[in-house]
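**Q** For reference, the structure I am asking about is given below.
The values are calculated or read from the model by the stated rules, or taken from the named source; none is laboratory data. Predicted model, so just to flag it, every value in this text is computed and none were measured. Cβ coordinates were reconstructed from backbone atoms using ideal geometry, including for glycine residues, and neighbour counts include every protein chain displayed.
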Amino acid sequence: MAPEPYLGPETHTPVRHHILSVLVENKAGVLARVAGLFARRGFNIYSLAVAPAELHERFSRITIVVDAESAPLEQIVGQLYKLVNVVDISDLAPSDAVERELLLATIPTNVDSRTGLLDVIGEANAAIVDVDAHHVTVMLAGTPHGCDAFEKALESYEGVELHRTGRVALPRLGTPPESEKDPE
Amino acid sequence: MQLTGAQALIKSLEQEGVEVIFGLPGGAILPVYDPIIDSSIRHVLVRHEQGAGHMAEGYALATGRPGVAMVTSGPGATNIVTPIANAHMDSTPLVVITGQVATAAIGTDAFQECDITGITMGITKHNFLIQSAQEIPRAVAAAFHLATTGRPGPVLIDVPKDVTQSMMDWWYPSSIDELDLPGYRPEVPLDADAINEAVTLINAAERPVLYVGGGALKSRAERELLAFAERTKMPVVTTLMARGAFPDSHEQHLGMPGMHGMYAAVTAIQKCDLLISLGARFDDRVTGKVSAFAPHAKVIHVDIDRAEFNKVRESQVTIQSNVTAAVSALDAAGATPQNLEVWWKEIRTWQERYPLAYDEPSDDGLLRPQRVIEEILAASAPGTIVASGVGQHQMWASQYWKFEEPGTWVNSGGAGTMGFGVPAAIGAKAGRPDKTVWCIDGDGCFQMTAQELVTARAEGIPIKVAILNNAYLGMVRQWQEMFYEERYSEVYLNADLPDYVKWAEAMGCVGLRARTMDEMKDVIRQANEINDVPVVIDFRTDSSEKVFPMVAAGASNDDIMVHPSLRGEN
């Protein structure tokens, strides 16, 4: 009997995830180098976001949420540093980070369902950013968990088109220095 | 000064002190071949691009300088992928230049186009696709800097044809600050705390082993290693990649560890209480079953590449450093283990009880491959360079040759590339024309790259090739005999097909053959008298001969199998 095709895990976030903020040279092929490294070493990426870095067009910042179960973080960081185009890596444990992500969803709607939908949107603190007679497009900029919850809440609606950006993160202010923290 | 991109490329190689390029021209690299005519750099015209890559590797391994290869786009580039992967596995410094279709044609599936930077992304230390002629000097200087510093490795430069044909204003980077490598930090300052922790562990050790890997050769640590080992009296093992880093004749040297390592070397690691890894990477061919590897040992791991730490084996102390600096620091700090007399006594009993062994020649007269290597060694001057392919003959060469100095063992370790031997020997001889270079090869390996002997003859590179011809893909045959119930599947090659003597002669070499002990001695003597053309000797060896000791794949090193003649005592 043929094995079932891979359907993926039911939850989005791995049990132990970690955030790597990787400053790279803004050169052709750098994203392929980073993605290729993860693929050939068997490191799992949960989400990945790329954008020009602050200060300079010379650099870009890649925010990678890695599955820390798939490989020791030390290995992932050590291998990343070997990419010549990688300039700097800061790794953030979820507890030390402020993580945010953007969700956009277009939901088919009609007069009957609109009130209920507005409640769901209101509860999630999402904003309506576009409307026509048969749809609303909503935006939620929130924590990954908030986005997960909102996505779940939208599951009961048919024909939803939903996109998420993958998260970005910054160190939480007032995080104690590395030496004073418990190891994971 | 205005130059074409092609002229700038060759001039840049001259700036880097390149003395020889191994290569083969073709459409996309054509412009670069024109200024070679006027350059001081020697070009060795190979018969297949794989040969160019392995020659560059052999050159690098024998000289310590980066090897340079140049090929055209498309199939020229893909043919050199195997050597690049091989160099990547063995951290060999290479600079490979590939032609590329014109920039406007990239991405259009043009004739002889292939995405070689994409293909080699995972098997180079770094690669460049040059966008303009003005960038060429910086890319070349950066390529040499990257290839030779930190953990060395292959770097590829892909140059589109229109780039080499366009004009540029000549310049050359005067310092590494001009290389535009903001993320590249090959060396970090030595961590004094880590050194102190290592000293504490060494001082407490009663059964230490110095586990020396290829990094010791890469950082030319032989003097510091010898001084440290002699002062501390610690036993030394050298991995397949480190042969020559510590003299085989030295009484503290236990030889090679691993799957086909010396019994004493393997067992000393299994029983040690402190394993000091110097530029080694706990390869599976060394560790066997990782969970059973050196089970009582604390580990000090010295490596220039931090990604090696705790990759395979958890270590108690990590020192990110080249081997030379780390060993010097440990020695200067006075690290001294406990009295090692008991430890040495134990090691000596293993050495006496389980030396290397093979049976005397059988009645049918076929030669023992081990004996052939011993005879060549006995007839060779000190400092003779030995290259090999991959398989049984490689293991026997590593076991039976005596390596006394760096740069004398030219071998494909991590990748295990059959066919490496002949071209690598040619590259080694091109770099060290003063040395005798023997390629100890198998009949299977020889058939993969033998055509480069045409190159050797044409270019006046007189290597000597000893084919240990057992008519089989011997290592596979050994595994089928031992682990597949003697079901020999697709391993028989036929000792007479091809006729190696005629083949050698057709390639302009001297071809010799030996079937008996007397003939063996005679052909080795003849080969050593010929110094103007390559020599190929077809040694007919016994196919039933197996490599021992052996640890079966995935087994614990405690279950090492010695030669049958040594078994049955315990």
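**Q** Would you say residue B:149 is under 26 Å from the mean Cα position of the chain (by Cα), at pLDDT 95 or above and within 27 Å of residue B:216 (Cβ to Cβ)?
**A** In short, yes.
**Q** Next question. Name the residues in segment B:102-134 that are closer than 22 Å to residue B:27 by Cα, in contact (Cβ under 8 Å) with a residue 24 or more places away in the chain and within 14 Å of chain A (Cβ to nearest Cβ), would you?
**A** Passing the criteria: B:103, B:106, B:116, B:117, B:119, B:120, B:127, B:128, B:129, B:130, B:131, B:132.
**Q** State all residues of segment A:31-41 that are surrounded by 19 or more Cβ atoms within 10 Å (Cβ to Cβ) and facing another protein chain (nearest Cβ under 10 Å); if no residue qualifies, say none.
**A** Scanning segment A:31-41 gives a single hit, A:33.
**Q** Hey, can you tell me all the residues within segment B:156-191 that are of a type in the set (Phe, Trp, Tyr) and away from every other protein chain (no Cβ under 12 Å)?
**A** Of everything in segment B:156-191, those that are of a type in the set (Phe, Trp, Tyr) and away from every other protein chain (no Cβ under 12 Å) turn out to be B:170, B:171, B:172.
**Q** Check off (1) out of contact with any Asp or Glu (no Cβ under 9 Å at 6 or more places or on another chain); (2) free of Cβ contacts under 8 Å to residues at least 12 places away in the same chain; (3) outside any loop (DSSP other than H, G, I, E, B) for residue B:251 and give me the number that stays unchecked.
**A** Tallying (1) out of contact with any Asp or Glu (no Cβ under 9 Å at 6 or more places or on another chain); (2) free of Cβ contacts under 8 Å to residues at least 12 places away in the same chain; (3) outside any loop (DSSP other than H, G, I, E, B), residue B:251 fails exactly one: (3).
**Q** Moving to a separate point now. Output the residues belonging to segment B:71-89 that are touching a Leu at 6+ places or on another chain (Cβ under 8 Å) and closer than 18 Å to residue B:144 by Cα. Walk me through it before giving the result.
**A** From segment B:71-89, those touching a Leu at 6+ places or on another chain (Cβ under 8 Å) are B:71-72, B:76, B:83-84, B:87; that's our starting set.
Passing the criteria: B:71, B:83, B:84, B:87.
**Q** Further question on the same structure: Test residue A:70 against the stated conditions and say whether it is more than 8 Å from chain B (Cβ to nearest Cβ), assigned to a strand (DSSP E or B) and closer than 26 Å to residue B:151 by Cα. Write out each step before concluding.
**A** Values: more than 8 Å from chain B (Cβ to nearest Cβ): yes; assigned to a strand (DSSP E or B): no; closer than 26 Å to residue B:151 by Cα: yes.
It is false that residue A:70 is more than 8 Å from chain B (Cβ to nearest Cβ), assigned to a strand (DSSP E or B) and closer than 26 Å to residue B:151 by Cα.
For every residue, the table says whether it meets (1) in the same structural domain as residue B:300 (by TED's automatic domain parsing); (2) touching a strand residue (DSSP E or B) at 6+ places or on another chain (Cβ under 8 Å); (3) crowded, with 21+ Cβ neighbours inside 10 Å.
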| position | (1), (2), (3) |
| --- | --- |
| B:115 | no, no, no |
| B:118 | no, no, no |
| B:126 | no, yes, yes |
| B:161 | no, yes, yes |
| B:196 | yes, no, no |
| B:213 | yes, yes, yes |
| B:218 | yes, no, yes |
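**Q** Can you go through A:93, A:124 and tell me which one is within 18 Å of residue A:168 (Cβ to Cβ) and of a type in the set (Gly, Ala, Ser)?
**A** After ruling out the rest, the residue left standing is A:93.
**Q** Looking at segment B:431-448, is at least one residue in contact with a Pro (Cβ under 6 Å, 6 or more places away or on another chain) and touching a residue at least 24 places away in the same chain (Cβ under 8 Å)?
**A** no
**Q** Additional query: If only one of B:336, B:267, B:324 is modelled with pLDDT of 95 or more, out of contact with any Leu (no Cβ under 7 Å at 6 or more places or on another chain) and within 21 Å of residue B:215 (Cα to Cα), which one is it?
**A** Step by step, each of B:336, B:267, B:324 is checked, and only B:324 is modelled with pLDDT of 95 or more, out of contact with any Leu (no Cβ under 7 Å at 6 or more places or on another chain) and within 21 Å of residue B:215 (Cα to Cα).
**Q** Which ones in segment B:339-348 are out of contact with any Pro (no Cβ under 8 Å at 6 or more places or on another chain) and either part of a helix (DSSP H, G or I) or at pLDDT below 95 (or both)? Can you show your working first?
**A** Within segment B:339-348, the first condition is being out of contact with any Pro (no Cβ under 8 Å at 6 or more places or on another chain), and the residues that meet it are B:339, B:341-342, B:345-346, B:348.
B:341, B:342, B:345, B:346, B:348, listed by residue number.
**Q** Okay, moving on. From the list B:423, B:382, exactly one residue is surrounded by 18 or more Cβ atoms within 10 Å (Cβ to Cβ) and more than 12 Å from the chain's Cα centre (by Cα). Which is it?
**A** Checking each option against the conditions leaves just B:423.
**Q** Tell me, please, whether a residue that is without any contact (Cβ under 8 Å) to a residue 12 or more places away in the chain, within 13 Å of chain B (Cβ to nearest Cβ) and in a helix (DSSP H, G or I) can be found in segment A:117-129.
**A** Scanning segment A:117-129, I find no residue that is without any contact (Cβ under 8 Å) to a residue 12 or more places away in the chain, within 13 Å of chain B (Cβ to nearest Cβ) and in a helix (DSSP H, G or I), so the answer is no.
**Q** Has segment B:99-121 got any residue that is under 23 Å from the mean Cα position of the chain (by Cα) and on the phi > 0 side of the Ramachandran plot? Full working, then the answer.
**A** Going residue by residue through segment B:99-121, those that are under 23 Å from the mean Cα position of the chain (by Cα) are B:119-121.
From what is left, the residues that are on the phi > 0 side of the Ramachandran plot are none.
Looking through segment B:99-121, none of the residues is under 23 Å from the mean Cα position of the chain (by Cα) and on the phi > 0 side of the Ramachandran plot.
**Q** Also, quick follow-up: Among residues belonging to segment B:257-293 that are aromatic (Phe, Trp, Tyr) and assigned to a loop (DSSP other than H, G, I, E, B), point out the one that is farthest from the other protein chains (Cβ to nearest Cβ).
**A** Among those residues, the one meeting the criterion is B:293.
**Q** Right, here's the next one. What single numbered condition from (1) more than 29 Å from residue B:153 (Cα to Cα); (2) surrounded by fewer than 19 Cβ atoms within 10 Å (Cβ to Cβ); (3) not aromatic (Phe, Trp, Tyr) fails to hold for residue A:71?
**A** (1)
**Q** Just a yes or no: is a residue in segment B:426-441 surrounded by fewer than 20 Cβ atoms within 10 Å (Cβ to Cβ), hydrophobic (A, V, I, L, M, F, W, C), in a helix (DSSP H, G or I) and out of contact with any His (no Cβ under 7 Å at 6 or more places or on another chain)?
**A** Scanning segment B:426-441 turns up no residue that is surrounded by fewer than 20 Cβ atoms within 10 Å (Cβ to Cβ), hydrophobic (A, V, I, L, M, F, W, C), in a helix (DSSP H, G or I) and out of contact with any His (no Cβ under 7 Å at 6 or more places or on another chain).
**Q** Additional query: Please determine, by comparing only the residues of segment B:298-344 that are without any contact (Cβ under 8 Å) to a residue 12 or more places away in the chain and within 14 Å of chain A (Cβ to nearest Cβ), which one is surrounded by the fewest Cβ atoms within 10 Å (Cβ to Cβ).
**A** B:310
**Q** Tell me which residues, restricted to segment B:364-412, are of a type in the set (S, T, N, Q), touching a residue at least 60 places away in the same chain (Cβ under 8 Å) and part of a loop (DSSP other than H, G, I, E, B).
**A** Selection gives B:380, B:408, B:411, B:412.
**Q** Go through segment B:24-67 and report how many residues are crowded, with 23+ Cβ neighbours inside 10 Å and over 20 Å from residue B:461 (Cβ atoms).
**A** Within segment B:24-67, residues that are crowded, with 23+ Cβ neighbours inside 10 Å and over 20 Å from residue B:461 (Cβ atoms) number 3.
**Q** Another question, then. Looking at (1) touching a Pro at 6+ places or on another chain (Cβ under 8 Å); (2) within 14 Å of another protein chain (Cβ to nearest Cβ), which is the only condition residue B:137 fails?
**A** (2)
**Q** What is the number of the single condition among (1) in contact with a helix residue (DSSP H, G or I) (Cβ under 8 Å, 6 or more places away or on another chain); (2) of a type outside the set (Ser, Thr, Tyr); (3) in a loop (DSSP other than H, G, I, E, B); (4) within 19 Å of residue A:166 (Cα to Cα) that residue A:24 does not meet?
**A** Exception for residue A:24: condition (3).
**Q** Give me the residue from segment B:294-317 that is within 25 Å of the chain's Cα centre (by Cα) and outside any loop (DSSP other than H, G, I, E, B) and, out of that set, nearest to residue B:335 (Cα to Cα).
**A** The qualifying residue nearest to residue B:335 (Cα to Cα) is B:300.
**Q** Against the condition more than 14 Å from chain B (Cβ to nearest Cβ), crowded, with 16+ Cβ neighbours inside 10 Å and either part of a helix (DSSP H, G or I) or without any contact (Cβ under 8 Å) to a residue 40 or more places away in the chain (or both), how does residue A:138 come out, does it pass? Break it down into steps so the answer makes sense when it comes.
**A** Details: more than 14 Å from chain B (Cβ to nearest Cβ): yes; crowded, with 16+ Cβ neighbours inside 10 Å: yes; either part of a helix (DSSP H, G or I) or without any contact (Cβ under 8 Å) to a residue 40 or more places away in the chain (or both): yes.
In short, yes.
**Q** Can I ask one more? All but one of (1) within 14 Å of chain B (Cβ to nearest Cβ); (2) in contact (Cβ under 8 Å) with a residue 12 or more places away in the chain; (3) not in a helix (DSSP H, G or I) hold for residue A:84; state the number of the condition that does not hold.
**A** For residue A:84, the failing item is (2).
**Q** Could you tell me how many of the residues in segment B:140-155 are in contact (Cβ under 8 Å) with a residue 60 or more places away in the chain, touching a strand residue (DSSP E or B) at 6+ places or on another chain (Cβ under 6 Å) and within 12 Å of chain A (Cβ to nearest Cβ)?
**A** 2
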